[in-house]
1. Given a 10 angstrom Cα cut-off, can you work out which residue in Ile39, Ile84, Ile144 is the most mobile in a GNM of the chain?
2. With a 1.4 Å probe and every protein chain left in place, tell me how much accessible area Arg25 has, in Å² to the nearest 10.
3. Near the amide H of Gly97, under 5 Å away, which other amide H atoms are found, from residues 5 or more places off or on another chain, if H is placed in the peptide plane?
4. Return the sequence-ordered ³J(HN,Hα) values of the stretch 69-78 in whole Hz as given by the Karplus equation 6.51 cos²θ - 1.76 cosθ + 1.60 applied to θ = phi - 60°, using x for Gly and Pro.
5. Amide H of Glu119 versus every other amide H placed in the peptide plane: which residues, excluding those fewer than 5 positions away on the same chain, fall under 5 Å?
6. Please list Glu29, Glu60 in order of solvent-accessible area, largest first, computed with a 1.4 Å probe with all protein chains present.
7. If r is the Cβ-Cβ distance from Glu158 to His121 and R0 is 22 Å, what FRET efficiency results, to the nearest 0.05?
8. Heavy atoms only, probe 1.4 Å: what % of the accessible area of the chain goes to carbon and sulfur, would you let me know?
Amino acid sequence: AGEFTGPVAYLKSDGTTFAEGATGRLWIEDEELNPISVIEGSAPTATGQIAVDRVLADDESISVGDQVTVLGSGGQFPATVVGITEFGSKGAIDGNGTVSIGSADIFNWLNSGKVEYTELHLRGSATQQELVDAAAPLAPNGFIVQTGADFLDDKRAEASSFGRILKIGLQVFAILA
C-alpha cells in the first residue's frame with residue numbers, strides 16, 4: 001500500500017477556516033497495513049468521503065454524517081464525514097489532526113492529480129526482516145526501509161514529541177499569565 005499526505009483545513013460557511021495544519025492522509029485499504037483504525041462509522045471508500053480522527057472530531061464537534069468543505073492544495077472540495085478514526089491508543093497519528101481521504105480523491109485534492117507516494121507499506125508470507133532485506137536495494141536514496149514494528153515505534157515517538165512540545169509551550173504561557 002502506498003502512503004501520501006498533505007496539509008488540509010476546513011472552510012466554514014462564513015468563509016473562515018478551522019483545523020488549519022491538519023494532515024490529509026491517504027486511507028490505506030489493507031487493514032493489516034493501515035496503522036489507523038475506524039472506531040465509528042466506516043472508512044472513506046467513495047468520492048467525496050473522509051474520516052476524521054477522534055481528537056479533531058471532539059475539538060471541532062464533527063460527527064459521522066456531517067457535510068464539510070475540505071481545503072487542499074488543489075482547491076476546496078465538499079465532503080461527507082463517514083468515519084471517526086484513531087491511531088492505537090492515541091487520537092491521531094498527526095499532531096494537528098488527521099483527515100483520512102480515499103484514493104478516489106487524495107491526489108486531486110492534495111497533489112494536482114499527480115499520483116505519487118511518500119511511503120510504501122509491504123506485507124507478504126516472508127518475515128518482516130526478509131521483506132526489509134528484499135526492499136532495501138530497491139528504495140531510492142534518502143528513503144528508509146524498516147519493519148512494521150520500527151515504523152510504529154517511530155510514529156509513536158513523533159506523536160509523543162509533539163505532545164511534549166505542546167505541553168511545554170502551554171506551561172510557558174501559564175507562567176507568563
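The values are calculated or read from the model by the stated rules, or taken from the named source; none is laboratory data. In this text the structure is predicted, and so the values were computed from the model without any measurement. Neighbour counts are summed over all protein chains in view; Cβ atoms, including those assigned to glycine, are modelled from backbone coordinates with ideal geometry. Please note that ligands, DNA and RNA were not included when accessible areas were found on the heavy atoms of the full protein model with its side chains. Shrake-Rupley method; radii C 1.70, N 1.55, O 1.52, S 1.80 Å.
1. Highest fluctuation among the options: Ile144.
2. Here the residue's solvent-accessible area equals roughly 20 Å².
3. Long-range HN contacts for Gly97: Thr23.
4. Calculated HN-Hα couplings, in order: 10, 9, 9, x, 5, x, x, 10, 9, x Hz.
5. Placed amide hydrogens put Glu3 under 5 Å from Glu119.
6. Values: Glu29 125, Glu60 75 Å².
Largest accessible area first, the list is Glu29, Glu60.
7. On the way: r = 16 Å, r/R0 = 0.75.
For Glu158 and His121, the calculated efficiency is 0.85.
8. Values: 5320 of 10020 Å².
Answer for the chain: carbon and sulfur cover 53 percent of the accessible area.
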